Amino acid sequence: MVAKVIDGKLVAASIRQECRERVEALRRKTGVTPGLAVILVGNNPASAIYVSNKVRACGEVGIQSFKKELPADIDTDSLVEQIDALSRDPAIHGILVQLPLPPHIDMRRVLSSIAAEKDVDGFHLYNVGGLVVGNTIFPPCTPYGVVRILEFEKIPVEGRNVVVVGASNIVGKPMALMLMQREATVSICHAKTVDLAQYTILADILVVAAGRPNLILPQMVKTGAVVIDVGINRLPNGKITGDVDFEGVKHKASYITPVPGGVGPMTVTMLLVNTITSAERAAGLRETGIPEPA
Ligand code: NAP
């Protein structure tokens, strides 16, 4: 068996085309242009690259982006004030704070200060709680991207054994919740899991987000499994690789995502989707996603 290699760039391109059409329809019907504020604190070079990629992607689909560069020594209060102003600004439909923040900043307070209805990264506690009960306003971008890949490839989730390797707040845990919501039977593994292979071998769908190159070897994968590699690792030779032994596992799996070119292109794409959804809600074209108080 040789797996179908899922082309994340192709899936992302098709969703970005839908994004352009939604932005255009929104402008035509209501005169509103979606706006995303991207906040970059300090001068972390990797963060600066991620922010420019997001700004460029916005431009490609017609979202207006507002980049705010703030000094590394800004304090939590001042950062929260800036976010409050953006939360009140009707031209802004999404607010994203690029992580990581400098260590002296209270990250939880900062993320919770973003208005829940503009939290397009999905990290506000309201959105996190929404994931648990199944009515989140914005699904976090990376796991949302994985769900959209599965949908695009028409891979059924309901009733299947899913194993998620990695239990972080931004990938593993929301991934597990989103697939459970879609009625999969989900196991979550992490660094303290004893005998990882005894779990992974049972997976019909294996999602790996551990940040450990070559963690998943062919003997750990069930024949015919769908293998989604979220990991991004830079090897000492500069090469980018995932968490899965791609060359070995592709002879065992039915579908596999490459790194790069699999899940990666989907993450920024889902940020665009969430921002457009937010603008459509603000313009009254969709329900807000936030229940009215009783
Ligand atoms: P993270 O916060 O470091 O979390 C890693 C998770 O993997 C933790 O839950 C950890 O367990 C678990 N883990 C580590 N070693 C393990 C092992 N040997 N066996 C089983 N589980 C293990 O990382 P993250 O932010 O979730 O990101 C995970 C990977 O995805 C990274 O490579 C990151 O670069 C990549 N990523 C990609 C995208 C994308 O767009 N494609 C987006 C975000 C992240 P403990 O909880 O026990 O420590």
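What follows is calculated from the coordinates using simple rules that are stated; it is not laboratory data. Here the structure is a predicted model, which is why all the values come from computation and not from measurement. Cβ atoms come from the backbone with ideal geometry, glycine included; neighbour counts cover every protein chain shown.
GNM on the chain, alpha-carbon springs under 10 angstrom: the most fluctuating residue among M175, M107, M266 is M107.
Here the Karplus relation 6.51 cos²θ - 1.76 cosθ + 1.60, evaluated at θ = phi - 60°, turns the backbone of region 30-40 into coupling constants of 10, x, 8, 10, x, x, 10, 9, 10, 9, 10 Hz, with x for every Gly and Pro.
Near T76, within a Cβ-to-Cβ distance under 11 Å, what is the net charge of the other residues, with Lys and Arg +1 and Asp and Glu -1? Intermediate values should be presented prior to the final figure.
Numbers: positive: R108, R109; negative: D75, D77, E81, D106.
Summing Lys and Arg as +1 and Asp and Glu as -1 gives -2.
The largest-to-smallest principal axis extents of the Cα set in the chain are 53, 43, 40 Å. Taking amide H positions as modeled 1.01 Å from N, with prolines and chain starts lacking one, the residues under 5 Å from K67 and 5 or more places away or on another chain are V38. Listed by chain and number, the lysines whose alpha-carbon sits under 19 Å from that of K68, ignoring those within fewer than 8 places in the same chain, are K54, K118. When the alpha carbon coordinates of region 115-179 are projected onto the principal axes, the ranges are 34, 23, 18 Å, largest first. Here the Gaussian network model covers the chain, with springs between Cα atoms less than 10 Å apart; of S65, S52, S278, S52 fluctuates the most.
In order along region 168-179, the Karplus-derived 3J(HN,Hα) couplings, from 6.51 cos²θ - 1.76 cosθ + 1.60 at θ = phi - 60°, round to 6, 6, 9, 10, x, 5, x, 4, 4, 5, 5, 7 Hz, and Gly and Pro are given as x.
Starting from the Kirkwood radius over alpha-carbon pairs of region 38-136, derive D by Stokes-Einstein at 20 °C in a medium of 1.002 mPa s and give it in µm² s⁻¹.
Value of D from the Cα-based Kirkwood radius: 152 µm²/s.
The residues neighbouring L215, those whose beta-carbon lies less than 11 Å from its own, together hold a net charge of -2 under the Lys/Arg +1, Asp/Glu -1 convention. Under 5 Å between amide hydrogens, built in the peptide plane, is the criterion, and for V165 it picks out C189, V207, V208, A209 among residues at least 5 positions away or on other chains.
The lysines whose alpha-carbon is closer than 27 Å to the alpha-carbon of K252, local same-chain residues fewer than 8 away aside, are K4, K9, K154, K173, K192, K222, K239. Note on D89 and R56: their simple-model spin labels are 2.3 nm apart, each label 7 Å out from Cα toward Cβ.
Kirkwood hydrodynamic radius (Cα pairs, Å) of region 13-55? Don't jump to the answer; show the numbers that get you there.
Working: mean 1/r = 0.0803 Å⁻¹.
Taking the inverse mean of 1/r over all distinct Cα pairs, region 13-55 comes out at 12.5 Å.
Computed from backbone phi, the HN-Hα couplings of region 209-220 come to 9, 10, x, 10, x, 6, 5, 9, 9, x, 5, 9 Hz, rounded to whole numbers (Karplus: 6.51 cos²θ - 1.76 cosθ + 1.60, θ = phi - 60°; Gly and Pro given as x).
Straight Cα distances below 19 angstrom link K250 to the aspartates and glutamates D7, E153, D204, D229, with same-chain residues fewer than 8 positions distant left out. With helices as the sole contributors, the chain gives -12500 deg cm²/dmol at 222 nm; each DSSP H run of n ≥ 4 counts as -39500 (n - 2.57), and the sum is divided by every residue. Peptides 229-235, 240-246, 41-47 ordered by packing proxy, namely the average of other Cβ atoms within 10 Å per residue, highest first: 240-246, 229-235, 41-47.
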